[in-house]
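Trainee: Take this structure first; my questions come after.
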Amino acid sequence: MSVDMMLEIQALYTRYADLIDEGPLSQWPALFVEDATYKIVTRENLARGWQLALMSCDSRGAIEDRVYAIENLSMTIPRRYRHLISGFSAAPQGDAWNVAANFAVFETIEGQPTTSFAAGRYKDVVVREGGALKFKEKISICDAASIKNSLVFPL
């Protein structure tokens, strides 16, 4: 894989984190192809072969619905998230790339100290659509068996 391709993949992940952390979240679904899959699962559930997901969207339309709910229906204490993504690996597979990366997400609830919210590994499939890289499949695998607060925002 070329250095340019790896930089382009990293730029996709940077944009992904920026849209969740800084917004506008309404632009986040555009990073996915129409028939994309987005899931948040725990490492424990995967190890046991359980299909249970903490969050599951089976299309960009479902991802857009999640964003609409976050922006218009959620009633939560104001908070901010900060993503750290590292340890990228990518391997071509036909017209797609299998990409893995570590993630850590920190949460700051208004008036409280920043805490670790979730950590784990992304296992994704990235494709080129209309000249841009997009997610075909995005799986966030959390190291912990549970998340301490409600999971509203994507990881």
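Trainee: Working from the alpha-carbon coordinates of the range 77-123, get Rg over Rh, Rh being the Kirkwood radius.
Mentor: We get a ratio of 1.20 for the range 77-123.
Trainee: Calculated from DSSP H runs of 4 or more alone, at -39500 (n - 2.57) each and per residue, what is the 222 nm mean residue ellipticity of the chain, nearest 500?
Mentor: Working: 3 runs with 37 residues, N = 155.
Value at 222 nm, helices only, nearest 500: -7500 deg cm²/dmol.
Trainee: Give the percent of DSSP beta bridges with both residues in the chain that are antiparallel, rounded to the nearest 5.
Mentor: 85 percent
Trainee: Over the range 48-129, what is the relative contact order in percent, taking alpha-carbon pairs closer than 8 angstrom and at least six residues apart?
Mentor: RCO, the range 48-129: 23 percent.
Trainee: Let me ask something else. Keeping all protein chains in position, work out how much accessible area Leu7 exposes to a 1.4 Å probe, and write it in Å² to the nearest 10.
Mentor: Rounded to the nearest 10, that gives 100 Å².
Trainee: Which whole-percent values make up P(r) of the range 2-51 when all C-alpha to C-alpha distances are grouped in 10 Å steps starting at zero?
Mentor: P(r) over the range 2-51, rounded to whole percents: 21, 34, 34, 11.
Trainee: Just to confirm the number: angle between the C-alpha axis of helix 60-72 and the first principal axis of the chain, 0 to 90 degrees, nearest 10?
Mentor: The helix 60-72 is inclined about 30 degrees to the chain.
Trainee: Per 5 Å bin, what is the whole-percent P(r) computed from every C-alpha pair distance within the range 41-81?
Mentor: Values per bin, smallest distances first: 6, 18, 16, 18, 19, 16, 7, 0.
Trainee: State the answer as a single residue: which of Ala62, Met6, Asn102 lies farthest towards the positive end of the charge dipole of the chain, with beta carbon charges of +1 for Lys and Arg and -1 for Asp and Glu, about the Cα centre.
Mentor: The residue sitting farthest along the positive end of the dipole is Asn102.
Trainee: Same structure, new question: Give the shape of the range 1-123 as rounded, prolate or oblate, defined through the alpha-carbon gyration tensor: a ≥ b ≥ c are the square roots of its eigenvalues, a/c under 1.5 means rounded, and otherwise the shape is prolate if a/b is larger than b/c and oblate if not.
Mentor: Cα axes put the range 1-123 in the rounded bin.
Trainee: If I fit a long axis through the Cα atoms of helix 3-21 and take the longest principal axis of the Cα atoms of the chain, what angle between them do I get, 0 to 90°, rounded to 10?
Mentor: Orientation of helix 3-21: about 20 degrees from the principal axis.
Trainee: Where does the range 51-155 land on Rg/Rh, using Cα atoms and the Kirkwood Rh?
Mentor: In the range 51-155, Rg relative to Rh is 0.99.
Trainee: Something else about it: Quick one: order Lys39, Lys134, Lys123 from most to least accessible surface, probe 1.4 Å.
Mentor: Correct descending sequence by accessible area is Lys123, Lys39, Lys134.
The values are calculated or read from the model by the stated rules, or taken from the named source; none is laboratory data. Keep in mind the model is a prediction, meaning the values are calculated, not measured. Cβ sites come from the backbone with ideal geometry, for glycine too, and all protein chains shown count toward neighbours. For the accessible areas, the whole protein counts, side chains as well, though only heavy atoms, and no ligand, DNA or RNA atoms are used. Shrake-Rupley method; radii C 1.70, N 1.55, O 1.52, S 1.80 Å.
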